[in-house]
Amino acid sequence: MRRYRILYANSHPYWGGGAEAVLLKLAAALDRAEFEPLLLTSKDDSLAARFRAAGIEVITVPYGYFRAKDGFWAYYWRGPRALRRLLRARAIDLVHTNCDRSISPLVRAAAPLRIPVVSHVHDPTRKWFSRRFLPYLNRTAAIITVSRWLQELGRVRGADPARLRVIHNGTDPEPFLATASAREETRRKLQLEPRQLAVGLFGSLEPRKGQEDLLRAIGDPCLADIDLRYFMVGGE
């Protein structure tokens, strides 16, 4: 039997944050006896390198296919037709859009071929539920949000409730299970006392990641008698 082909679309070509990491985990974890994942992006760069290292084929198309301001002709005319030819030639069974910019061009390309499209919504800072993308989002087979808060945000902004689904991001704990010796060595380097508790917040340094919330929590009187050390890890 032919393997079920899934095209994962991410217009941003660089290895970034959680959205790209989750996409790679999803694609790499598929049973290759049944599924064939492919990545569609706009440039052969760090994102493509990660997917190739996982044994996943990468297809690149011009960035203008994903962004209207790069040219009317590429976005509204040449792009959808080229993408439609690609979907047909590669016999794609399902399109998974992983960024807001990929929704409109892939829905327009897949609709005449009756290929289902799902959209994976990771955060509220993108234009997923904008008036520009919402009409296409509501033509997808499913809108996958990573939290109930995002699901409710989508509903309030006009996303079709019948299409909204919540699938929380899963994390494999195995890589984080340090040996006892490594754990003790890390605590020594951080100058942690034996009974001190370490609290870490890992994420890019921006308001939505919650560093300010942690700072407020640190000052809560109920924590005054607990020996705690806090660590914020992240870049701009």
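Assorted remarks:
- Condition check for residue 132: surrounded by fewer than 23 Cβ atoms within 10 Å (Cβ to Cβ), of a type in the set (Lys, Arg) and modelled with pLDDT of 95 or more: no
- Residues (over 22 Å from the mean Cα position of the chain (by Cα), charged (D, E, K, R) and not in a helix (DSSP H, G or I)) located in region 210-236: 220, 225, 227, 229
- Leading residue by the ranking (farthest from residue 27 (Cα to Cα)) among those in region 81-121 that are in contact with a Phe, Trp or Tyr (Cβ under 9 Å, 6 or more places away or on another chain) and either of a type in the set (Lys, Arg) or in a loop (DSSP other than H, G, I, E, B) (or both): 108
- Positions within region 110-126 being at pLDDT below 95 and either acidic (Asp, Glu) or in contact with a Leu (Cβ under 9 Å, 6 or more places away or on another chain) (or both), in sequence order: 122, 123, 124
- Leading residue by the ranking (surrounded by the fewest Cβ atoms within 10 Å (Cβ to Cβ)) among those in region 158-185 that are modelled with pLDDT of 95 or more and over 19 Å from residue 98 (Cβ atoms): 162
- Some residue of region 145-166 being without any contact (Cβ under 8 Å) to a residue 60 or more places away in the chain, among the polar types (S, T, N, Q) and closer than 22 Å to residue 39 by Cα: yes
- Residue in region 109-124 that is buried (at least 21 other Cβ atoms within 10 Å of the Cβ), more than 17 Å from residue 7 (Cβ to Cβ), in contact with a Cys (Cβ under 9 Å, 6 or more places away or on another chain) and not β-branched (Val, Ile, Thr) present: yes
- Cross-chain or 6+ apart pairs with Cβ under 6 Å, region 73-89 first and within 17 Å of residue 113 (Cα to Cα), then of a type in the set (Val, Ile, Thr) and outside any helix (DSSP H, G or I): 87/115
- Any hit, region 90-106, residues being of a type outside the set (Ser, Thr, Tyr), surrounded by fewer than 15 Cβ atoms within 10 Å (Cβ to Cβ) and in contact (Cβ under 8 Å) with a residue 24 or more places away in the chain: yes
- Matching residues in region 204-227 - criterion: being touching a strand residue (DSSP E or B) at 6+ places or on another chain (Cβ under 8 Å) and surrounded by 13 or more Cβ atoms within 10 Å (Cβ to Cβ): 209, 210, 211, 214
- For the criterion of being touching a helix residue (DSSP H, G or I) at 6+ places or on another chain (Cβ under 9 Å), surrounded by 10 or more Cβ atoms within 10 Å (Cβ to Cβ), at pLDDT 85 or above and among the small types (Gly, Ala, Ser), residue 198 passes.
- Here region 47-59 is the region considered, the condition is being open to solvent by 70 Å² or more (accessible area, probe 1.4 Å) and not aliphatic (A, V, I, L, M), and the residue that is farthest from residue 94 (Cα to Cα) is 50.
- Residue match in region 32-46 (condition: loosely packed, with under 15 Cβ neighbours inside 10 Å, of a type in the set (Gly, Ala, Ser), on the phi < 0 side of the Ramachandran plot and at pLDDT 95 or above): yes
- Restricting region 3-31 to residues that are among the basic types (Lys, Arg) and in contact with a Phe, Trp or Tyr (Cβ under 8 Å, 6 or more places away or on another chain) leaves a set whose member that is surrounded by the fewest Cβ atoms within 10 Å (Cβ to Cβ) is 3.
The values are calculated or read from the model by the stated rules, or taken from the named source; none is laboratory data. Only a predicted model underlies this, so the values are computations on that prediction, with no experimental measurement involved. A quick note on method: Cβ atoms are made from the backbone with ideal geometry, for glycine too, and the neighbour counts reach across all protein chains shown. What goes into the accessible areas is simple: the full protein's heavy atoms, side chains included, and nothing from ligands, DNA or RNA. Shrake-Rupley method; radii C 1.70, N 1.55, O 1.52, S 1.80 Å.
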